[in-house]
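A.B. asks: One structure coming up, written as structure tokens, with questions to follow.
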Amino acid sequence: NFRARSAYKLQELDNKYNLITPNSVIVDCGASPGSWCQYISRKIFPSKNVDVDVNVDNSLIIAVDLLPIDPITGVKIIQGDFTELVTQQKIFDLLNKRHVDVILNDMAPNFTGNHFVDHVRSMELCECSLTFAELVLKPGGTFLCKFLMGESESEFRNKLKSKFKKIRYEKPHSSRNKSTEGYFVCLEFNKNVTDGMT
Ligand code: SAM
């Protein structure tokens with residue numbers, strides 16, 4: 001009973017890595033129709049009677065997508081293009097200087113059917129979410145990033161390695177076999193590396 005089957009991918013990764021915990025600040029990029037946020041909301045706010053806008057603990061869950069998202073308990077929704085600064089500014093405003101525990105990127109480009117083009121566009125979305133992650137993640141924070149497999153994935157992985165202590169490649173069972181998508185689970189953001197570069 002989720003809006004999309006994608007929820008089972010997050011559930012599988014969460015069961016393995018315990019990514020979603022109470023009192024967390026979470027940003028979900030590419031969140032429509034909202035099944036990941038439904039999963040998060042049900043895990044963090046198990047009581048179903050919570051008003052959508054009431055914070056019941058210190059959690060802050062922000063969902064961003066080009067497409068609209070129907071309301072989800074405890075989730076703040078931003079409709080806009082994540083790659084545009086005006087959208088990221090809206091996220092900063094909601095964060096109100098809080099740092100982020102978990103950044104999720106399940107964004108997918110509109111598929112053209114040309115695998116190379118789709119791969120390149122997917123990696124651009126990955127790069128964009130990583131740049132954002134470096135700005136807002138807490139030291140020790142988590143970044144979960146979907147990508148379409150292809151020639152530049154190892155370059156991206158190397159970049160991740162310089163910023164996180166642990167990088168795990170995952171292909172959840174619930175991600176269909178024929179699909180060329182994979183996920184990088186990036187654990188323990190190393191803030192010092194980034195600070196050294198600024
Ligand atoms: N995790 C979602 C869920 O469980 O409901 C499913 C996400 S769906 C696979 C990918 C989403 O990425 C689409 O809704 C699409 O609109 C969004 N997307 C693609 N490019 C985007 C961008 N530049 N900014 C915001 N969202 C984007």
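A.B. asks: Go through 83-92, 143-152, 31-40 and give me the packing order, highest mean Cβ count within 10 Å leading.
C.D. replies: 31-40, 143-152, 83-92
A.B. asks: Considering amide H positions built from the backbone, and no H for Pro or chain starts, which residues 5 or more places from S24, or on another chain, come under 5 Å of its amide H?
C.D. replies: Those lying under 5 Å, H to H, from S24 are S59, L60.
A.B. asks: Springs between alpha-carbon atoms under 10 Å, Gaussian network over the chain: tell me which of H119, H99, H173 tops the mean-square fluctuations.
C.D. replies: Among H119, H99, H173, the largest GNM mean-square fluctuation belongs to H173.
A.B. asks: State, as an integer percentage, the relative contact order of the chain based on alpha-carbon contacts under 8 Å between residues 6 or more apart.
C.D. replies: Relative CO of the chain lands at 19 percent.
A.B. asks: Separate question: Tell me, what is the FRET efficiency for L67 and R5 to the nearest 0.05, using R0 = 22 angstrom and their Cβ-Cβ distance as r?
C.D. replies: Between L67 and R5 the formula returns 0.85.
A.B. asks: Here is a further query. Taking the beta-carbon count within 10 Å as an exposure proxy, list C126, C29 from fewest neighbours to most.
C.D. replies: Going from least to most buried by this count: C126, C29.
A.B. asks: I would also like to ask the following. Near the amide H of V100, under 5 Å away, which other amide H atoms are found, from residues 5 or more places off or on another chain, if H is placed in the peptide plane?
C.D. replies: L137, K138
A.B. asks: For region 6-197, what number results from the quotient of the Cα radius of gyration and 2.2 N^0.38 Å?
C.D. replies: So the Cα radius of gyration is 0.97 times the expected 2.2 N^0.38 Å.
A.B. asks: A further question on this structure: Of all DSSP beta bridges located in the chain, what percent are antiparallel, nearest 5?
C.D. replies: About 40 percent, rounded to the nearest 5.
A.B. asks: How would you classify region 1-49 from its alpha-carbon gyration tensor, with a ≥ b ≥ c the square roots of the eigenvalues: rounded for a/c under 1.5, else prolate if a/b is greater than b/c, otherwise oblate?
C.D. replies: rounded
A.B. asks: Please report the net charge: other residues with Cβ closer than 10 Å to the Cβ of V64, K and R +1, D and E -1. Numbers along the way, then the final one.
C.D. replies: Working: positive: K76, K90; negative: D28, D65, D81.
Its environment carries a net charge of -1.
A.B. asks: Still on this structure, I have one more. If the label point is 7 Å along Cα→Cβ of N58, which residues in region 64-108 have backbone nitrogen under 14 Å from it?
C.D. replies: Hits in region 64-108 for N58 at 14 Å: 98-102.
A.B. asks: Under a GNM of the chain (C-alpha, springs under 10 Å), which listed residue has the highest mean-square fluctuation: G30, G141, G80?
C.D. replies: Among G30, G141, G80, the largest GNM mean-square fluctuation belongs to G80.
A.B. asks: Counting helices only, and only those DSSP H runs with n ≥ 4, report the 222 nm mean residue ellipticity of the chain as the sum of -39,500 (n - 2.57) divided by its residues, in deg cm²/dmol to the nearest 500.
C.D. replies: Helices in the chain give a 222 nm mean residue ellipticity of -11000 deg cm²/dmol.
A.B. asks: Let me ask something else. As an exercise, use a Förster radius of 35 Å and the Cβ-Cβ distance of E181 and R98 to find the FRET efficiency, rounded to the nearest 0.05.
C.D. replies: The computed FRET efficiency comes out at 0.70.
A.B. asks: Using the structure shown, list the pairs from K43/K97; K146/K166; K43/K90 with a Cα-Cα distance above 19 Å, or answer none.
C.D. replies: Flagged as over cut-off: K43/K97; K43/K90.
The numbers here are math on the coordinates, done by the rules we state, and not lab data. What you are looking at is a predicted structure, and each value in this text was computed from that prediction instead of being measured. Neighbour counts run over all protein chains shown; Cβ positions are idealised from the backbone, glycine included.
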